[in-house]
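Written below as structure tokens is the structure these notes are about.
We did not get these values from a lab; they are worked out from the coordinates using the rules stated. Predicted model, so just to flag it, every value in this text is computed and none were measured. Positions of Cβ are backbone-derived with ideal geometry, glycine not excepted, and every protein chain shown enters the neighbour counts.
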Protein chains: 2
Amino acid sequence: MARAGTRPTSRDVAQAAGVSQAAVSLVLGDKWRGRVSETTAERVREAARELGYRPNLAARNLRLGRTRTVLLVVPALTTEFFGGVYTGAARVAARHGFGVVLYPSPEGVGPARDPFASAQAALDGVIASSMAADALSAIRGDQLPLVMLDSDPRGSHGAVTVNLDIGDGARQVADHLLALGHRHFLHLAADVPSWTFEVRAQELAARLATVAGTTLRTAAAPISIEGALTATEAALTAPQGRRPTALVCDDDKLAAGAYKALRRLGLRVPDDISVTGVDDLGLATALDPELTTIRLDAETFGERGMAALLAVLEGRTPEEGDIPVELVVRGSTAPATP
Amino acid sequence: MARAGTRPTSRDVAQAAGVSQAAVSLVLGDKWRGRVSETTAERVREAARELGYRPNLAARNLRLGRTRTVLLVVPALTTEFFGGVYTGAARVAARHGFGVVLYPSPEGVGPARDPFASAQAALDGVIASSMAADALSAIRGDQLPLVMLDSDPRGSHGAVTVNLDIGDGARQVADHLLALGHRHFLHLAADVPSWTFEVRAQELAARLATVAGTTLRTAAAPISIEGALTATEAALTAPQGRRPTALVCDDDKLAAGAYKALRRLGLRVPDDISVTGVDDLGLATALDPELTTIRLDAETFGERGMAALLAVLEGRTPEEGDIPVELVVRGSTAPATP
DNA sequence: CAGGGGAAGTGTTACGTATAACGTCTTCTG
DNA sequence: CAGAAGACGTTATACGTAACACTTCCCCTG
């Protein structure tokens, strides 16, 4: 019988089953083939069930020197996007017997506390979104295997990177709007220092530049409905050249804010102005009209990130190549009216 | 010098500083006042910094028998709500030197895998949302300290419960709409077996019953924009008594779907029908017109949940009382037109 | 000058697990 | 029938940390 009040240990199970602790470890660790008889094994399993034995993970982790746990560092969970990333990562992890611990970098002011101290868990590796920029310095210090999501492959100092093909997304948006006859653009850009958003801006500008007579203005806004509202309103009321007929937003949430600004200004979507977003959150179809946007496959993103980390941990070479993105055309874009 | 290739241990630090491992533990554990001289302590800290020493958490957890880590079990992260819960919980946890590990129960088909196996981390306690119903059976087995969020206090078998005052929310909605002259209601209910939603339905019905001549119909829908759309459309096209002038939704997301259905049916919000939600997600202000809704303070929810768990862990009595909720009146509700 | 007591440490142990290395006993083979 | 080869275990150990129980030195007090 186990000592009262404390969790049963493998030694308690051993005593109950009349075997040594080592035998318990072998049986429960599924390494007993040819080492323990089937009847004894069953006796051990029965005793473990009886006592409600659960292995002490701290002890196991200490013994093995690895934890089969990885940390996923993401920005604050203000949309469901990183929920999807987590889901994908956790699914792949589970298939390999790994667990995923989430560390959303604290929202608002102040630098991130040390994510490792906060997670408290011993870790085998880290997947980090570059958007959780403030948490990255703490991560750099540790020499844990690291996979970066949405990060400049050239600037990652050898860390493995997994990216959505965000540049292609920008090109698809540009081509779609150009094909509809739009020539005057406003880019509502996320006011977040991130490689991703830089790439979007560059690719958008580059693509538009291939057509003569196009204009492109940029307005920056924090990623929030309120922020997008004020930024859009300011950009469109300031009399500055031709009024744009297309509004390219870095994010669905920004687009939602833009919708409100346009409504206030008396501009109709898409008749007076076309609007596009990025992400394809639930929000995109909640808007009226529904938003034309770049669909980012969050779960695949998470899956690929986790797969890459597992590859690193097992000494394999991670899969190469960006994750494709897809333009979803809905009601917020229409031919330009001259 | 530490053995090459492996992480430095406290023993390596001790050797580098010319002291015993015990002294390192004392200094770095901040328990050295009166036991180690300031100069020696500084030497130890310097050596630790030099070697890049990080304590092995698995070893520490094993030694201490506690991990200062708790698990937060939530439904799939399909809205930002539980992101807020996490933020609140993590904030309080950090103040007490605890970490929070998130376990979103897997979306879609199939029962949850064992959350403990997946988290892989040794845990001191659990906070679980009752909405992650499928994960609860696995939790029940362990005798870890448990705090339930949004759960029937009478049905929780002695587990501590922390609840939003969701019944009061339903009453506030009812009173608001009744005051606007509405008498014919449709309740768009979340098709999720959860105590919370039962309470809402009961309180709504009870409050409406206090006024003569009111009618209340109910339509159930899965919590998604699509689901709400079809359910609402079906409920309003089936010719069944008076057409409701008020649509009470269990959730902002349901309201978003309802908006779309109403638009298809040619009904204007709020002129033809008033709509309310619950949550006050970002979505609520993205809708046109903005949604009158019950604001749930997700962060306070998380804070209170974590505070309650800490109380249990420290043998104190958790704070009592439901968390107040607040009706936020926006443009989706207006006086009933006779 | 005896000895009480604080400062400044060190030696040792245990936490619970997984596994390497080592014993038996039985059975099979040449 | 000798001895090799399984079958079925056990014993012992290490992982890295925190903390208890000691020791030593020195200063102060009566």
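Odds and ends about this structure:
- Considering helices alone, the calculated mean residue ellipticity of chain B at 222 nm is -13000 deg cm²/dmol, with DSSP H runs of length four and up weighted by -39500 (n - 2.57) and normalised per residue.
- Gyration tensor verdict on the range B:227-276 (Cα atoms; rounded if a/c is under 1.5, prolate if a/b is larger than b/c, oblate otherwise): rounded
- Other-chain or far-sequence residues with amide H under 5 Å of residue A:189's (modelled H): A:219, A:220, A:221
- Cβ charges +1 (Lys, Arg) and -1 (Asp, Glu), total dipole of the range A:10-55, debye: 160
- Share of pairwise Cα separations in the range A:121-203, more than 20 Å, in percent: 44
- Of the residues A:237, A:136, A:227, the one whose Cα sits farthest toward the positive end of the charge dipole of the range A:104-254, with +1 on the Cβ of Lys and Arg and -1 on the Cβ of Asp and Glu, is A:237.
- Counting, for every residue in B:74-85, the Cβ atoms of other protein chains within 10 Å of its Cβ and taking the mean gives 5.
- Inter-chain Cβ neighbour count for A:94-100, averaged per residue, equals 4 (cutoff 10 Å, partner chain atoms only).
- Rounded to 5, percent antiparallel among DSSP beta bridges of the protein assembly as shown: 10
- Nearest 10 degrees, 0 to 90: helix A:298-313 Cα axis against chain A principal axis: 50
- Backbone N under 14 Å from the residue A:314 label point (7 Å along Cα→Cβ), restricted to the range A:65-98: A:92-98
- Phi-based couplings in Hz for the range A:183-193 (Karplus 6.51, -1.76, 1.60; Gly and Pro marked x): 10, 10, 10, 10, 9, 8, 9, 5, 8, 9, x
- Between the Cα long axis of helix A:252-264 and the first principal axis of chain A there is an angle of about 30°, rounded to the nearest 10.
- Fewest-first sequence of A:187, B:176 by Cβ atoms within 10 Å of each Cβ: B:176, A:187
- Extreme residue, positive dipole direction of the range B:10-55, given options B:34, B:51, B:17 (C-beta unit charges): B:34
- Diffusion coefficient (Stokes-Einstein, Kirkwood radius over C-alpha pairs, 10 °C, 1.306 mPa s) for the protein assembly as shown: 57 µm²/s, rounded to a whole number.
- Beta bridges from DSSP with both residues in chain A: antiparallel share about 10 percent, rounded to the nearest 5.
- Per residue, the convex hull around the alpha carbon atoms of chain B comes to 171 Å³.
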